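First comes the structure, then the notes that go with it.
The values are calculated or read from the model by the stated rules, or taken from the named source; none is laboratory data. Predicted, not measured: the structure shown is a model, and the values here were computed from it. Positions of Cβ are backbone-derived with ideal geometry, glycine not excepted, and every protein chain shown enters the neighbour counts.
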Amino acid sequence: MKRFKILLLLLVAAFLIGPSALSRLVTSQSQTTTDQANRVSNTGDEVDPADSASQDVDNEGVDPNSTDTFSFDTDVDETGAVEAETDRINLCNPRRREAPADFDNLTNGFLPQGDPVPRFTDPATLPHTTFENDKFVFSAVEEIEDGLGPVYNAQSCRECHQNPVTGGISQINELRAGHNEKSGGMEIFVDAPGGSLINDRSIPTKNFTGTSPFFGAKLQERVPPLFTAAILGGPALEKEEPVRTFRTSLNLLGDGFVEAIANGTLRAIRREQAIRSGGQIRGQIIRVPVLEANIDTNPDCANPNLPCVRRIGRFGWKNQQASLRSFSGDAYLNEMGITNVLVPKENSSLGRSVADFDSVADPEDDEEDDDIGAFADFMRSTKAPPIDPDIRAKFAEEIKDGRALFLSMPKDQISCSSCHVPKIITAPPCTKINGGTFKIPFALGNIVFHPFGDFLLHDVGTGDGIVQNGPQSTRLRVRTAPLWGVRTRDRLMHDGESLTFMEAILRHAGEATTVIDSFRALTDDQRKHIIMFLESL
């Protein structure tokens, strides 16, 4: 957020750019300028495709054959407790403690709370040392002089993550597109030109005429075809991109606990799912590059001949990121167009260069500003979404029944909780994760939390056809939607196309077929009670 740059300089620079420069020929729809999570990158790989725990994966201190760090059967932890003073005597192995959960805009203890920041403070002047400071940076509005765009979706992290407090969800969707091709006897996904993300907005672009109107919107993206794309040089984009999907904004509250889940726990969840369901339910695990761990040796893991530090993905609808710092760098570019130390190159506009319209030097968020560090630490400091105790108390019997059915369908060993896992325990404090770049602190370690999700990819019949960091086998899979805080979301599933809980449940198929058949066989009251339970989350 380089607030010292003024818009006047930008406008002067824009007027000095002549028509010849603006019409520079763009002969390639290359994707080399797009961030790896905005395209089919082939930088992620699948873990345990045959349910073998022998693959060379850092389990981060948790046995992938153990069930000690999660439960399908209960959302209550008998060993969890409120923090006691004695826990801090052994900081690296305290008792398990319940995650703090509230919509109160207070820290979970990762960062100190700090004082509220006055409204018109320049975010660039704030040290990244308190929850309030980092929340302010997370909420700050980006302008063109900060490096906004040239193509983007929003001007602030908070714009997509706010309900009911900063860091929550919203009704905002992003748009992705591409097409399928046959290759080697199989169907594969291919991005739209420039990457699957179709940005909703663009900055003004200087018109060539030199007369009024002086500015247009030549970089605006849309799902191709775009027959007038040659206005910036290069060919028209005449090919259809029939694979399209919306992606809803995700809740970020409590994501510090998600980051602190050991790789071994996610592998153990996958293994136990397959055992319990006789192989019908088996989450897919992919390892993706940890951007901050590769920045000095193999950025973006673009060179297959060099070592690449990977971790099991858990963030985004395709599990395309494994750390909150990587997630922040990816989103800063793809959602706001702000280049940063992790992804320092601008995205294109449907494969067309934006260089002539970008006046701010890259990276626009440099090591001194480190906005992505503030974003990551803010998310690490947020409390988990809470249940609604008033709803639970008012409708206690109905919700008790619905909860029991959610955890265990009649006559079936598998239920909703086979994927919507109700209890997970984070790795112990002092565990090094993210390729050794982050050590789990006391506030995030040995924490019992209740995401009602497994952070794995599944085929439940609603896959959007898009491939990002993972292999082509992820095409029809999406991450299980964590249900904590789901009552704050009025548009459900990955695409927001389901508007009621009943609609969302009945859309499930594929791996969820047996569970949905059991749901259909319930009485009307039983189905109603499950939904009432969801309305309390």
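In segment 269-303, of all residues being of a type in the set (D, E, K, R) and within 21 Å of residue 323 (Cα to Cα), the one that is surrounded by the fewest Cβ atoms within 10 Å (Cβ to Cβ) corresponds to 296.
Among residues that are assigned to a loop (DSSP other than H, G, I, E, B), in contact with a helix residue (DSSP H, G or I) (Cβ under 8 Å, 6 or more places away or on another chain), touching a residue at least 60 places away in the same chain (Cβ under 8 Å) and more than 25 Å from residue 447 (Cα to Cα), residue 208 is included. Which is on the phi > 0 side of the Ramachandran plot and either in contact with a helix residue (DSSP H, G or I) (Cβ under 7 Å, 6 or more places away or on another chain) or aliphatic (A, V, I, L, M) (or both), of 147, 195? None of the other options fit; the residue is 195.
Of all the residues in segment 304-351, those that are assigned to a loop (DSSP other than H, G, I, E, B) and either within 19 Å of residue 457 (Cβ to Cβ) or within 9 Å of the chain's Cα centre (by Cα) (or both) number 9. When residues in segment 118-171 are screened for being aliphatic (A, V, I, L, M), assigned to a loop (DSSP other than H, G, I, E, B) and closer than 22 Å to residue 364 by Cβ, 5 of them pass. Assess whether residue 221 counts as being more than 22 Å from residue 424 (Cα to Cα), crowded, with 23+ Cβ neighbours inside 10 Å and either in contact with a Lys or Arg (Cβ under 6 Å, 6 or more places away or on another chain) or at pLDDT 95 or above (or both). So residue 221 passes the test.
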